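Structure record follows, encoded as structure tokens.
The values are calculated or read from the model by the stated rules, or taken from the named source; none is laboratory data. Here the structure is a predicted model, which means the values were calculated and not measured. When we count neighbours, we look across all protein chains shown, and the Cβ atoms used for this are built from the backbone with ideal geometry, even at glycine.
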Amino acid sequence: MAWGDLATVFFTAIGLVFFLAGTVGLIRFPDVFSRLHALTKADNLGLGFIALGLAFQAPGWPEVAMLVLIWALALVAAGTAAQLVARAALDDEAR
């Protein structure tokens, strides 16, 4: 097995562990805000590690740049969605 393949397996496995941690946080944490925190942090790190692992299999720099762009867009989308959910939860608590 080549070094690139080992790096792909290693970083992808780390990413899956972060996804698992985020899922456990979603199930175990008591309130909306704790669950949002677990999901946004763990899932963003998990996706970053998976993108890093896939970058070792990319044939060239344009594909690596596309993986980075996908991760950046997911970061922005997750932060925006978490903000909207948190605002809705705060409005619901205020009622």
Condition met for A38 (at pLDDT below 95 and not β-branched (V, I, T)): yes
Residue satisfying condition, being polar (S, T, N, Q) and in contact with a Gly (Cβ under 8 Å, 6 or more places away or on another chain), within set T80, T40: T40
